[in-house]
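Before any comments, here is the structure.
The values are calculated or read from the model by the stated rules, or taken from the named source; none is laboratory data. Keep in mind the model is a prediction, meaning the values are calculated, not measured. Cβ placement follows ideal geometry from the backbone for every residue including glycine, while neighbour counts extend to all protein chains displayed.
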Amino acid sequence: MVLGEIIKVTVTKVHPSYVKVEYEGREATLQIAEITWRAGKMYSSDYVKEGQQIRVKVVAVEGDAFSVSLKEASYGGNPWKSPPRVDEEFFASVVRIAEYGYFFELNYYCHALMLLEDAPETLQMGDRVKVKVKSCSSERQRVEVVPV
């Protein structure tokens, strides 16, 4: 196995915050942060089941120890490799509502926040709104939008 290789592993244990996987007799831990690009609270059992075979990307190798990432092996890839640009416009759906604002899905697992005070009206889940990127931080994986 080499760094960056996509391999098939077998899930041997599912814990709420991590997953144990096996590849050719070697075991590794798949951290919850490496399961999906989706933001917010999640549980590993929402994504994998014991005995399931999954495709993962090898993200570290040290002797016999290795680390893997399910999200890096996903077909959509890393949504932060080409993040939204300031002033870029999207016609996006509300995917989550918080006490401080609305989250929109701009593209594959790239969510953006519109603060409540910037919202033109009260929005509901699924409402589609034209928004413009106000700020974007790839390092923090945060995007703020305002209505157009």
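Among the listed residues 49, 57, 8, identify the single one that is farther than 29 Å from residue 98 by Cα and surrounded by 15 or more Cβ atoms within 10 Å (Cβ to Cβ). One residue alone meets the criteria, 57.
No other residue among 66, 103, 90 is part of a strand (DSSP E or B), out of contact with any Cys (no Cβ under 8 Å at 6 or more places or on another chain), within 30 Å of residue 20 (Cα to Cα) and aromatic (Phe, Trp, Tyr) apart from 66. Close Cβ contacts (under 6 Å, 6 or more residues apart or on different chains) running from residues in segment 108-130 that are closer than 27 Å to residue 71 by Cα to residues that are acidic (Asp, Glu) and surrounded by 11 or more Cβ atoms within 10 Å (Cβ to Cβ) comprise 111/105; 113/144.
Evaluate segment 123-140: report whether one residue or more is in a loop (DSSP other than H, G, I, E, B), on the phi > 0 side of the Ramachandran plot and of a type in the set (Gly, Ala, Ser). Give the derivation first.
First, the residues of segment 123-140 that are in a loop (DSSP other than H, G, I, E, B): 123-127, 138-140.
Now drop any that are not on the phi > 0 side of the Ramachandran plot, which leaves 126.
Those left that are additionally of a type in the set (Gly, Ala, Ser): 126.
Scanning segment 123-140, I find at least one residue that is in a loop (DSSP other than H, G, I, E, B), on the phi > 0 side of the Ramachandran plot and of a type in the set (Gly, Ala, Ser), so the answer is yes.
Working only within segment 12-41, note down all residues that are out of contact with any helix residue (DSSP H, G or I) (no Cβ under 7 Å at 6 or more places or on another chain) and assigned to a loop (DSSP other than H, G, I, E, B).
As a first pass, look at segment 12-41 and keep what is out of contact with any helix residue (DSSP H, G or I) (no Cβ under 7 Å at 6 or more places or on another chain): 12-13, 20-31, 33, 38-41.
24, 25, 38, 39, 40, 41, listed by residue number.
In the set (1) in contact with a Ser or Thr (Cβ under 8 Å, 6 or more places away or on another chain); (2) within 30 Å of residue 30 (Cβ to Cβ), residue 69 fails one condition alone, (1).
Looking only at segment 36-44, decide whether some residue is closer than 27 Å to residue 6 by Cα and either over 12 Å from the mean Cα position of the chain (by Cα) or at pLDDT 90 or above (or both).
Taking segment 36-44 as the starting set, the residues that turn out to be closer than 27 Å to residue 6 by Cα are 36-44.
Within this subset, residues satisfying the condition of being either over 12 Å from the mean Cα position of the chain (by Cα) or at pLDDT 90 or above (or both) are 43-44.
The answer is yes, given that some residue of segment 36-44 is closer than 27 Å to residue 6 by Cα and either over 12 Å from the mean Cα position of the chain (by Cα) or at pLDDT 90 or above (or both).
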